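Read through the structure below, which is laid out as C-alpha cells, and then see the notes.
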Amino acid sequence: MKHLHLNTLTGMTATAIVLSSCQLLPTQQPDAFVGDNWQLVWNDEFSAETIDLNKWGFETNCWGGGNNELQCYTDRSDNSFIRDGKLVIRAQKETFTGPADILPADYDGTPVPTKTLPYTSARLRTLNKGDFKYGRIEVRAKVPGGQGIWPAIWMLPTDWVYGGWAASGEIDIMEAVNLTDDESKQVHGTLHYGKEWPANSYSGASFDFVDSDPTTDFHTYAIEWADGEIRWYVDDVHYATQRETGWFSQAVNDEGELYNVPGSAPFDQRFHLLLNVAVGGNWPGNPDDSTEFPVEMEVDYVRVFECPGAQASLVGCATKNPRAERVFGNQPPEIIKVEFDPDFIKADVVNVFDNDDVSPFSLGQYVGNGSVDMSQIAVEGRGQVTRLAYNTDESVVYWQAPLGFDFSEFSRLEFDLQVLADSRSSGGLMMKIDCFHPCGTGDYPIVPPAPGEWTHYSIALQDLVKHPGSTLDLTNINTPLVIFPDWGNQKGVVLLVDDVKLVR
C-alpha cells in the first residue's frame with residue numbers, strides 16, 4: 001500500500017507457517033486453485049454469519065494510512081460484514097472522528113489526538129492470528145472502482161525484525177487504483193523493501209484485464225512465496241516474478257551502523273495478511289463527482305497453502321510460466337559511513353545544508369509517482385544553493401540525518417526558500433520532520449514565498465510536536481527537513497533552498 005505502516009510488534013518464533021492455536025482447520029479442505037501437492041494450512045471461507053475474530057482483527061484509526069488517505073478505519077458492521085458467504089468491506093462517504101495515529105498493540109485507553117475525515121472504511125488483518133512464512137496465499141475477490149478508490153490485498157511483517165517500514169518489507173498481492181469505465185482495468189503486484197522511510201525502495205509489475213472486469217467479476221489473486229523468489233498470479237496466469245537479487249534490506253546493527261542484511265531479507269520472516277479499501281491519498285488522488293458511494297470489495301475466500309517437505313523452496317508445488325515478466329528490482333545503495341565531530345551537535349547553530357560548510361546530512365528523495373531533479377547551482381550573493389525541480393506529482397525531497405544525531409536539545413528549524421518566478425505556482429507548500437516511520441509531524445503547511453523572492457522560515461520544533469496528528473519524537477529523528485509542494489499539485493514547480501539549520 002505504499003505506505004504504511006504499522007508499529008513494531010513482537011510475536012512467536014518464525015517457522016515455515018505459523019498458526020494460532022485457536023484455529024481449527026476443516027476436515028475436508030477446499031482444493032488448491034493450482035497443482036495437486038499444496039496442503040491447505042489456513043483459510044476463511046466466510047461461511048459464518050459474522051466475521052471470525054479468531055482469524056481477523058480490525059484497525060481503528062483516522063491516520064490516513066501513511067499516504068494522506070481520506071478514510072477512517074472502523075470496526076463497525078457498517079464498514080465490514082458477512083453477506084451471502086462473502087466478506088464485504090464497504091467504504092462510505094460520511095464524516096467520522098477517530099485516533100489520528102495507529103494505536104499500539106498494548107493501547108491502554110489513554111486519550112490520544114483525534115482527526116476527522118470525510119469517509120469511513122475497514123482494514124482487516126490476521127496479525128498474530130494468521131502469520132505466514134513461505135507458501136501460496138490466494139484471495140478470491142471482486143474489487144470496487146471509481147476515482148480515488150484503492151482496494152488492496154497485501155502483507156506486512158509481523159515482527160519487524162529489520163526495522164520500520166520499509167526495511168522489514170511489504171508484499172502487495174493486489175492493488176487496484178482508480179478503476180473507472182474510461183480507463184484500462186489494471187491491478188498491481190509490488191514489493192517494498194530497502195531502508196526505512198523515506199529512503200525505501202519498491203519494484204513490481206501490473207496485470208491488464210482484457211476480457212473481464214475486476215469490478216464486476218471475481219478473480220483469484222495470489223502469490224507463491226519461496227525463499228528468494230516471489231511470483232504473482234491472477235487466476236491461472238503467472239504474470240510476474242521477483243527474486244532476491246533485486247530486493248534488499250539495509251538495517252541498523254547493535255552498534256548503530258547501517259549494514260546489508262544477507263540472504264533473502266526482508267522476505268525471510270513472518271508476514272500477515274491485510275484486506276482494505278482506501279479512499280483518496282497520494283497515489284489515486286481524491287474522489288470526484290463521478291465517484292459513487294458506497295463502494296464495496298467482496299472477498300469469497302482467503303486460503304494459505306504450504307508445500308509439504310519443501311516449505312521454503314516450494315519444489316514439487318510451484319506453478320511457473322517462463323514467459324512471466326521478470327522484475328529486476330533494485331540494488332542496495334552504497335553504505336557511506338559518515339563521521340562527524342561529536343562537538344558538531346554541541347554548537348548553537350548546526351548547519352544541515354550551507355554552501356560554505358561540509359555537513360554530514362545527505363540529500364535524497366522519495367519517489368511516489370514522479371521524480372525531482374536535484375542539483376546545486378550558483379546564485380549571485382549566495383554561492384551554491386539546492387535546486388529542486390518537480391517533474392511529476394507525488395514526490396518529496398528530504399535531508400537525511402546521520403545515525404545517532406539527537407534533536408531534542410534544539411529549539412528551531414530554519415531555512416531560506418524561493419519559488420522560481422518562471423515555474424508554475426504551487427498553490428501551497430508543505431514541510432515536515434520525520435522520525436523512523438511512522439513517527440513524524442505529518443504534512444505541515446507553510447505560507448509560500450512570493451515568486452522569485454527569498455523568504456526566511458523559522459519554525460519552532462515544539463510547534464511541530466504539537467501539530468494535530470503529530471507523533472514526533474525529537475530523540476528519534478531521521479529526516480530533519482522534508483519539503484514539497486502540495487500532493488497532486490507539484491509538476492513544474494521549481495524550489496531553491498538554502499541555509500537549512502538547527503538552532504539551539
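The values are calculated or read from the model by the stated rules, or taken from the named source; none is laboratory data. The model shown is predicted, which means the values in this text are computed figures rather than measured ones. Neighbour counts are summed over all protein chains in view; Cβ atoms, including those assigned to glycine, are modelled from backbone coordinates with ideal geometry.
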Exercise for review: Check whether at least one residue in segment 250-259 is surrounded by fewer than 23 Cβ atoms within 10 Å (Cβ to Cβ) and either among the small types (Gly, Ala, Ser) or at positive phi (or both), and report yes or no.
Suggested key: yes
Point to revise | Answer residue from segment 171-224, given it is touching a His at 6+ places or on another chain (Cβ under 6 Å) and under 30 Å from Asp289 (Cβ atoms) and is surrounded by the fewest Cβ atoms within 10 Å (Cβ to Cβ) among those | key: Ser206
Check your understanding: If Val112 satisfies every condition in (1) more than 27 Å from Ala318 (Cα to Cα); (2) assigned to a strand (DSSP E or B); (3) not polar (S, T, N, Q) but one, which is the exception?
Key -> (2)
Revision key, fill the gap. Among Ala152, Ala176, the single one that is in contact (Cβ under 8 Å) with a residue 40 or more places away in the chain and not assigned by TED's automatic domain parsing to the domain that holds Val397 is Ala152
**Study point:** Among (1) surrounded by fewer than 16 Cβ atoms within 10 Å (Cβ to Cβ); (2) closer than 20 Å to Ala152 by Cα; (3) not polar (S, T, N, Q) - the single one Val299 does not satisfy
**Key:** (1)
Point to revise | Qualifying positions in segment 228-249 - of a type in the set (Ser, Thr, Tyr), more than 30 Å from Val210 (Cα to Cα) and crowded, with 20+ Cβ neighbours inside 10 Å | key: Ser249
Point to revise | Residue ID - surrounded by the most Cβ atoms within 10 Å (Cβ to Cβ), chosen from residues in segment 124-149 that are out of contact with any Leu (no Cβ under 7 Å at 6 or more places or on another chain) and of a type in the set (Lys, Arg) | key: Arg136
Revision key, fill the gap. When every residue in segment 49-66 that is surrounded by fewer than 22 Cβ atoms within 10 Å (Cβ to Cβ) and farther than 21 Å from Asn128 by Cα is compared, the one modelled with the lowest pLDDT is Gly66
Study note, to complete from the structure: Quick count over segment 215-254, residues being farther than 22 Å from Phe271 by Cβ and in contact with a Gly (Cβ under 8 Å, 6 or more places away or on another chain), is 1
Check your understanding: Which one is surrounded by the most Cβ atoms within 10 Å (Cβ to Cβ) among residues in segment 80-93 that are in a strand (DSSP E or B) and in contact with a Phe, Trp or Tyr (Cβ under 7 Å, 6 or more places away or on another chain)?
Key -> Ala91
**Study point:** Residues that are touching a Leu at 6+ places or on another chain (Cβ under 6 Å) and more than 15 Å from Trp63 (Cα to Cα), drawn from segment 90-123
**Key:** Ala105
Exercise for review: Please indicate, with yes or no, whether at least one residue in segment 68-84 is on the phi > 0 side of the Ramachandran plot and in the same structural domain as Met174 (by TED's automatic domain parsing).
Suggested key: no
Point to revise | Selection within segment 213-234 - of a type in the set (Asp, Glu) and over 21 Å from Glu296 (Cβ atoms) | key: Glu224, Asp227, Glu229
